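K.L.:
One structure is given below, represented as structure tokens, and several questions about it will come after.
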Amino acid sequence: MARERFVEVYSQGVTNVRKVVVDTVTGVNYLLLSSNMTGGCGVSVLVDADGKPLVTPLEGDDRVAFGQLLEHE
């Protein structure tokens, strides 16, 4: 099976959902927010204290590189 382009590494909430997603090509981390109360959603690049994008080191198909990768199988 081909590696997915985006993988969810963190999820919190049911009504107001917050997820961190990692791009498996670039390693860049994104924050996704969604609210069932308002029907809105948003996405933003996560940055460090210097304003640089947070990047997860990627090492081949090693799923451990993504920390607490949520299983979708």
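Every number here is computed from the coordinates shown, using simple stated rules; none is lab data. These numbers come from a predicted model, not from an experiment. Quick reminder, even Gly has a Cβ in these numbers, built from the backbone with ideal geometry, and neighbours come from all protein chains shown.
K.L.:
Given points 7 Å out from each Cα along the Cα-Cβ axis, report the residue 36 to residue 58 separation in nanometres with one decimal.
P.N.:
3.3 nm
K.L.:
Report the full-extension gain for the segment residue 44 to residue 3: residue separation times 0.36 nm, less the Cα-Cα distance, to one decimal in nm. Before the final figure, lay out each step's value.
P.N.:
On the way: separation 41, 0.36 × 41 = 14.76 nm, distance 2.27 nm.
Working it through step by step, the gained length comes to 12.5 nm.
K.L.:
While we're looking at this one, here's another question. Count charges around residue 12 for me, please; just the other residues with Cβ under 9 Å from its Cβ, Lys/Arg as +1, Asp/Glu as -1. Walk me through the numbers on the way to the answer.
P.N.:
Working: positive: 18, 19; negative: none.
Residues near residue 12 contribute +2 overall.
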